[in-house]
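See structure below.
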Amino acid sequence: MSAWAAAAMVLLGATAYDATFERAAAAYNAGEYAVAEKLYEQLVAEGVVSAPVFYNLGNTYYQQGRLGPAIANYERALYQDPHFENARA
């Protein structure tokens, strides 16, 4: 694979990530927490390791009254970024 092809794949992957992340955030903001949960979980299943994704996933669980998974994802966010104050709160 050429360097250009590899770079294109990375950019396309970032675009897919951004689109899914934005759809998840929009669903969350619309109060569609189950939809947001599925989209954030999709990102995690695709191998995304990101403090904001884990934090937002924790928020979706919290909004659905699922405190155990919410706390677990806040902790995952803090593991990725120990200075992520929102996750700490």
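A few remarks follow.
- Residues that are modelled with pLDDT under 95, open to solvent by less than 90 Å² (accessible area, probe 1.4 Å) and closer than 20 Å to T20 by Cβ do occur in the range 71-80.
- Among residues of the range 49-66 that are more than 11 Å from A34 (Cα to Cα), those with a beta-carbon under 6 Å from a residue that is open to solvent by 30 Å² or more (accessible area, probe 1.4 Å) and part of a helix (DSSP H, G or I) at least six positions away or on a different chain give the pairs A51/Q80; F54/R76; G58/Y74.
- Scanning the range 28-47 for residues that are β-branched (V, I, T) and more than 14 Å from Y17 (Cα to Cα) gives a single hit, V35.
- Residues within the range 27-48 that are outside any helix (DSSP H, G or I), modelled with pLDDT of 95 or more and surrounded by 14 or more Cβ atoms within 10 Å (Cβ to Cβ), tallied: 1
- Just one of the listed residues (E85, E46, E41) is more than 14 Å from the chain's Cα centre (by Cα) and free of Cβ contacts under 8 Å to residues at least 40 places away in the same chain, and it is E85.
- For G58, the requirement of being open to solvent by less than 50 Å² (accessible area, probe 1.4 Å) and either at pLDDT below 95 or on the phi > 0 side of the Ramachandran plot (or both) is not met.
The values are calculated or read from the model by the stated rules, or taken from the named source; none is laboratory data. The model shown is predicted, which means the values in this text are computed figures rather than measured ones. We place every Cβ from the backbone using ideal geometry, glycine too, and count neighbours over all the protein chains shown. For the accessible areas, the whole protein counts, side chains as well, though only heavy atoms, and no ligand, DNA or RNA atoms are used. Shrake-Rupley method; radii C 1.70, N 1.55, O 1.52, S 1.80 Å.
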